[in-house]
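Input: a single structure, listed below in structure tokens.
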């Protein structure tokens, strides 16, 4: 059941690098990360790779396997023909640190720009009440494990570093949507999403949804509704006219 | 890059340094910041990736949202009984009293827990808890908690040093004065000057071959504390979670949440027998169902029925599974069957256990809504850790605090499921408050860090680069994992423990001559060589304490001393660094005495 797997792994750093050819023994039921670990333990002790849980829960081992953005721990070797060479390269949208490890600080910077959750006071008995159906919308988005594969895939920034300052990316549109749909949040997230986060630059090609290892419907459930909410406030002709002549100062969500 | 390369050593000054960015570390940092301290979090991985994300089932807190009869006294009693009365009673009391408010706080910060029909935080059943008590979000509660704390931390603007590993603590006289670290990315060294250091480094599971723990769990906090002069207690108690995946080999040990059993899953052997009814210990007979009918009724009617034996504390279930496998009644891949498919609808399973469904589907090609899972025990959690003061989590060293899995006492000899996430937030807050107060109280008389100490820490971190032609650290780590698994595992015996101690000595000698290839930039071989020293020291603690404790209790089972011994029930084993600085000494210490007003909760027995 075990076989010799041919691999090409990108080795290098900021100054450049190349694909290295390796042959490594693998066995039944293994994933790409197992093969990388065996390489590390037997042939390339200093091969840099980021990983933690090896269970698809922490989102650390993101890379591109045969050009597809994937979590290495959730990519089974049995999905490939044993004769096929598997090529592993670092995520392309982020600067390389070394080998398969990239500098993902872009995402942590964007996280700092999201204004935090702002709830009203608790109920008189010290508890809060929300309906299950209302929390479920946000819960879908909070399944995000921050693997940043969506950020890596999004064509707005993938080959366009110049867009990075003005564009927060799918992961943070999820966050804006989650907070905007939170039953208790008191902020209005729409202008923020439009302005600072640049949601308007997204042209809903759904690549982010396609690579999400958690199966979150990023485009359909977060980005499109968020765009609609922004548009409702900003561009709906009735809202605009109502505002202009002073007879309508709330939108369809009943907000100012 | 040499240590003297451009830029040299980076220096930072803080009031409080928190080492580790899991739930307890983040909660401690938030508390210290809110108390006015200047705080930094230093962590080995990226922010938000710590082991807390792996916690699945929930966070125990007696909020009484589903069962108004639940309160801190019942939770306290469950915790003490689960730990076979070896817990530090005051920690168990504070934990039960403060958990509900700590959970509510998470909600204030944006956590979205599952709800009851009344819109309150829902609570789920778990082993050893009398009432449904675990606040949860499907089966990804840990992710929700770490993300909530991470977002709070970011909102407060607390400094985070990500992918930065602490290798030594500094002391001035008998006080903590700072920490020495390296950036994983560049290999550059960092000196933190801080009068308060909070250890929140998690556990030790990576010293075992079959484990649910990640590479980070190398006992760093345990070892740093020992080397700084602090003491460890309860190190003989290691929790083997009853349900880890057994197949395919690549995921052997990966956790299968206890919620599967809490939500109706049962255990069967290869003969199809629901075997847990044969393993109900006297200690839990009164509260455990003895027929399948009663057990099944309990899910709907808890008042008039007793709990199914599948929901006994983890140590009992893990031992039972181990016995069934040893008796030849295991599954094809050497486990036992965990079946929820025949007991709950596919919709229910997918809604309540989405990540388990996903995990088995993706990694094992098993549809848990249609067929049983194969599972077996996996090293999951260490009850032992740094001995701390219950109120402030300070160790015996002034300025050194420990919280979460790397602290000891709270869980006694066995931790109940769900008590870990609540432990993190209850004691995280207490430690953060106390660490900030300690730093504030020193005024201008802060302990300093000497150049000699910095130079020594640097030499020690670079030592593996000095050796030529030695062994590679991966091989030594694999041998250690095999030794601990085979000789210090779920069932122990004196001869094997003695041989484990001998093996560990040999591994320590081999580790003194290990070599790493390459340079200091993001070099996992070098990182492992540093972590390995911690793993060896902590493994010695476990084996030594396990050999000394001649009884079976909680997460420590001795084949040669099969029952609990009341005399041992009154004692903790304490470990401290020996005079050579590379090994440990062991001593006995009486357990703190519980006051009479708390003793009454146990008198009916």
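Below are the figures for this structure:
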read-out	value
In degrees, nearest ten, helix B:314-326 long axis to first principal axis of chain B (Cα)	70
Percentage relative contact order, region B:135-206, counting C-alpha pairs under 8 Å, at least six apart	19
Cα-based equivalent ellipsoid of region A:1-53: semi-axis lengths in Å, sorted from largest, via gyration tensor	21, 13, 9
Per-selection Kirkwood Rh - region A:60-152 (Cα, Å, 1 d.p.)	16.7
Percent RCO, i.e. relative contact order, over region B:23-87, from Cα pairs under 8 Å lying at least 6 residues apart	16
Space enclosed by the convex hull of the alpha-carbon atoms of region B:1-102, per residue, Å³	170
Burial order of peptide ranges B:464-471, A:131-138, B:434-441 (average beta-carbon count within 10 Å, highest first)	B:434-441, A:131-138, B:464-471
Rounded to 10°, Cα long-axis angle of helix B:141-156 versus longest principal axis of chain B	40
Antiparallel DSSP beta bridges within the protein assembly as shown, as percent of all bridges there, nearest 5	70
Semi-axis lengths, Å, region B:325-433, gyration tensor of Cα atoms, sqrt of 5 times eigenvalues	39, 18, 11
Label-point separation, residue B:323 to residue A:6 (7 Å along Cα→Cβ), nm	5.4
Antiparallel DSSP beta bridges within chain B, percent to nearest 5	65
Peptide-level mean, for A:140-149, of C-beta atoms on other protein chains within 10 Å	4
Rounded Å value of the spacing that divides the Cα centres of region B:18-47 and region B:78-119	20
Average Cα contact separation per residue, region A:119-177, under 8 Å, 6 or more apart, as relative contact order %	30
Where only C-alpha atoms are counted, convex hull volume of region B:80-133 per residue in Å³	91
Percent of beta bridges antiparallel (DSSP, region B:1-141, rounded to nearest 5)	55
Length released on extending from residue B:391 to residue B:159, taking residue separation times 0.36 nm less the Cα-Cα span	80.9 nm
Rg [Å, one decimal], Dmax [Å, integer] - region A:93-231, C-alpha atoms	15.8, 55
Relative packing of B:376-387, B:120-131, which averages over residues the other C-beta atoms within 10 Å, highest first	B:376-387, B:120-131
Shielding by partners - mean other protein chain Cβ count within 10 Å, residues of B:519-532	4
Inverse of mean 1/r across different Cα pairs in region B:76-233, Kirkwood, Å	19.0
Three principal axis lengths of chain A [C-alpha, angstrom, descending]	73, 45, 29
Between region B:179-204 and region B:470-547, the Cα center-to-center distance that results, in Å	22
Shielding by partners - mean other protein chain Cβ count within 10 Å, residues of B:133-146	2
Chain B: angle of helix B:23-34 to the longest principal axis, Cα-based, in degrees nearest 10	60
Cα-based Rg of region B:26-85 normalised by 2.2 N^0.38 Å, two decimals	1.60
Highest to lowest packing among B:95-103, A:63-71, A:198-206, scored as the average C-beta count within 10 Å	B:95-103, A:63-71, A:198-206
Virtual spin-label span in nm between residue A:19 and residue A:163, 7 Å along Cα→Cβ	2.6
Cα point-scatterer Debye curve for chain B, base-10 log of I(q)/I(0) at q = 0.09 Å⁻¹	-0.66
Alpha-carbon spread of region B:458-605, three principal axes, descending order, Å	64, 31, 28
Over region B:105-182: Rg over Rh, Cα atoms, Kirkwood Rh	1.18
Diffusion constant of the protein assembly as shown at 37 °C, which comes from Stokes-Einstein with the Kirkwood Cα-pair radius and 0.692 mPa s, µm²/s	119
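Since every read-out is calculated from the coordinates, none of them should be taken as a lab result. Predicted, not measured: the structure shown is a model, and the values here were computed from it. All Cβ positions, glycine included, derive from the backbone under ideal geometry; neighbour counts span all protein chains shown.
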